[in-house]
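**Q** Below is one structure. I have some questions about it.
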């Protein structure tokens, strides 16, 4: 009987140091494959494989699409791609973002649960918001093992806090305790695979990530339409519950938890406020140019009109600036 030989680990803010610590603590003969998802910038190379490989005895790499799964290896999700786990191999895809991220922790966790059920161990480490919670819930539903870093020691505790809140985790551990626990679980026989079908949304969500046409066409069929637009594409969102976890998904498959949707809307609002400030600044600058030209031509009516436009634009700029300062407690408006 196989052990818990599929280990999936998710981290975000503060995660690089945590992943290095875990890699350092794993044994050289670990009878499991380890999949790590760290939120990464979409562009540019990452040094994480080299850092993880040099920190501990296990080799670390970014897998190619279709790479076979081998024990004693660390696989790291690549920038701007989801790392999906299929029976016997790894699938790398540019699927819809989850919680505003690609790679997304939920994507790897969910597909691991679908492919390997009780053989999976999911670990949520330090990070902001709650990516990974839905994926850890899928692992638990398929009789896998759910672990979370102790929030008190996490530099950014939101991810483990949310995982503990919504998932009946098997253990909350310090970072120093996690690697020995993973080594123990890898050598311990996993439960028999359940014959119960996976819940429809988990299976459907995995198909969406793989960009299967039928799944993409029915992405928003589950749930009730709400008056919010998708931050990624502007489409209509539908809301539904995954256990007690409120989630949102648009017509093309972008999905959000409540925390990630709120954060994305805040970021989008900030972008729009800066765009408004820039547009008003350009309007005031143009009006000054036109007022000078009207003065040169002795066009008193035009000069008065453009002066009014300048005053109006400056008043509107000040209101937008005040909104930006309120959004940024440090009061840095970027001027």
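**Q** Looking at the stretch 249-264, which of the residues that are crowded, with 21+ Cβ neighbours inside 10 Å and touching a strand residue (DSSP E or B) at 6+ places or on another chain (Cβ under 7 Å) is farthest from residue 99 (Cα to Cα)? I'd like the intermediate steps shown before the answer.
**A** Looking only at the stretch 249-264, we keep the residues that are crowded, with 21+ Cβ neighbours inside 10 Å, and these are 249-250, 253-257, 260-261.
Subset that is touching a strand residue (DSSP E or B) at 6+ places or on another chain (Cβ under 7 Å): 249-250, 255-257, 261.
Values: 249: 10, 250: 12, 255: 6, 256: 4, 257: 6, 261: 7 Å.
Only one residue fits best here, namely 250.
**Q** Taking the stretch 86-106 as the region of interest, how many residues are over 11 Å from the mean Cα position of the chain (by Cα) and not in a loop (DSSP other than H, G, I, E, B)?
**A** 6
**Q** If you don't mind, there's one more thing I want to ask. Any idea how many residues of the stretch 1-16 are over 13 Å from the mean Cα position of the chain (by Cα) and in a loop (DSSP other than H, G, I, E, B)?
**A** Matching residues across the stretch 1-16 total 5.
**Q** Now for a different question. For the stretch 119-166, give me the residue count where each residue is within 20 Å of the chain's Cα centre (by Cα), in a loop (DSSP other than H, G, I, E, B) and touching a residue at least 40 places away in the same chain (Cβ under 8 Å).
**A** The total comes to 11.
**Q** While we're on this one: Just to be sure I understand, how many residues within the stretch 240-265 are over 22 Å from residue 160 (Cα atoms) and either out of contact with any helix residue (DSSP H, G or I) (no Cβ under 9 Å at 6 or more places or on another chain) or part of a helix (DSSP H, G or I) (or both)? Even if it seems obvious, please write down each step before you answer.
**A** Filtering the stretch 240-265 for residues over 22 Å from residue 160 (Cα atoms) gives 240, 249-254, 265.
Keeping just the survivors that are either out of contact with any helix residue (DSSP H, G or I) (no Cβ under 9 Å at 6 or more places or on another chain) or part of a helix (DSSP H, G or I) (or both) gives 250, 254, 265.
Counting residues in the stretch 240-265 that are over 22 Å from residue 160 (Cα atoms) and either out of contact with any helix residue (DSSP H, G or I) (no Cβ under 9 Å at 6 or more places or on another chain) or part of a helix (DSSP H, G or I) (or both) gives 3.
**Q** OK, next. Answer yes or no: is there a residue in the stretch 89-97 that is within 28 Å of residue 176 (Cβ to Cβ), touching a strand residue (DSSP E or B) at 6+ places or on another chain (Cβ under 8 Å), crowded, with 22+ Cβ neighbours inside 10 Å and touching a residue at least 24 places away in the same chain (Cβ under 8 Å).
**A** Quick first cut of the stretch 89-97, residues within 28 Å of residue 176 (Cβ to Cβ) only: none.
No: the stretch 89-97 contains no residue that is within 28 Å of residue 176 (Cβ to Cβ), touching a strand residue (DSSP E or B) at 6+ places or on another chain (Cβ under 8 Å), crowded, with 22+ Cβ neighbours inside 10 Å and touching a residue at least 24 places away in the same chain (Cβ under 8 Å).
**Q** I've got another one for you. Give me the residue from the stretch 167-192 that is modelled with pLDDT under 95 and in a loop (DSSP other than H, G, I, E, B) and, out of that set, surrounded by the most Cβ atoms within 10 Å (Cβ to Cβ).
**A** Going residue by residue through the stretch 167-192, those that are modelled with pLDDT under 95 are 187-192.
If we keep only those that are in a loop (DSSP other than H, G, I, E, B) as well, we get 187-188, 190-192.
Working: 187: 14, 188: 11, 190: 22, 191: 14, 192: 10.
Per the criteria, the residue is 190.
**Q** Now for a different question. Could you list, in sequence order, all residues of the stretch 51-78 that are in a strand (DSSP E or B) and within 16 Å of residue 9 (Cβ to Cβ)? Outline the logic, then answer.
**A** Looking only at the stretch 51-78, we keep the residues that are in a strand (DSSP E or B), and these are 60-61, 68, 74-76.
Scanning the stretch 51-78 gives 60, 61, 74, 75, 76.
**Q** For the stretch 17-33: of the residues being free of Cβ contacts under 8 Å to residues at least 60 places away in the same chain and surrounded by 18 or more Cβ atoms within 10 Å (Cβ to Cβ), which is farthest from residue 152 (Cα to Cα)?
**A** Filtering the stretch 17-33 for residues that are free of Cβ contacts under 8 Å to residues at least 60 places away in the same chain and surrounded by 18 or more Cβ atoms within 10 Å (Cβ to Cβ), the one farthest from residue 152 (Cα to Cα) comes out as 33.
**Q** In the set 276, 313, which member is outside any loop (DSSP other than H, G, I, E, B), crowded, with 18+ Cβ neighbours inside 10 Å and out of contact with any strand residue (DSSP E or B) (no Cβ under 6 Å at 6 or more places or on another chain)? Quick ask: steps written out before the conclusion?
**A** Numbers: 276 fails: crowded, with 18+ Cβ neighbours inside 10 Å.
Of 276, 313, the one residue that is outside any loop (DSSP other than H, G, I, E, B), crowded, with 18+ Cβ neighbours inside 10 Å and out of contact with any strand residue (DSSP E or B) (no Cβ under 6 Å at 6 or more places or on another chain) is 313.
**Q** Going through 240, 228 one at a time, which residue ends up being closer than 30 Å to residue 87 by Cβ, surrounded by fewer than 18 Cβ atoms within 10 Å (Cβ to Cβ) and touching a strand residue (DSSP E or B) at 6+ places or on another chain (Cβ under 9 Å)?
**A** Exactly one of 240, 228 is closer than 30 Å to residue 87 by Cβ, surrounded by fewer than 18 Cβ atoms within 10 Å (Cβ to Cβ) and touching a strand residue (DSSP E or B) at 6+ places or on another chain (Cβ under 9 Å), namely 240.
**Q** Any idea which of 76, 48 is crowded, with 16+ Cβ neighbours inside 10 Å and at pLDDT 95 or above?
**A** Values: 48 fails: at pLDDT 95 or above.
The conditions single out 76.
The values are calculated or read from the model by the stated rules, or taken from the named source; none is laboratory data. Please read all numbers here as calculations on a predicted model, not as lab measurements. FYI the Cβ positions are ideal-geometry reconstructions off the backbone, even for glycines, and counts take in every protein chain you see.
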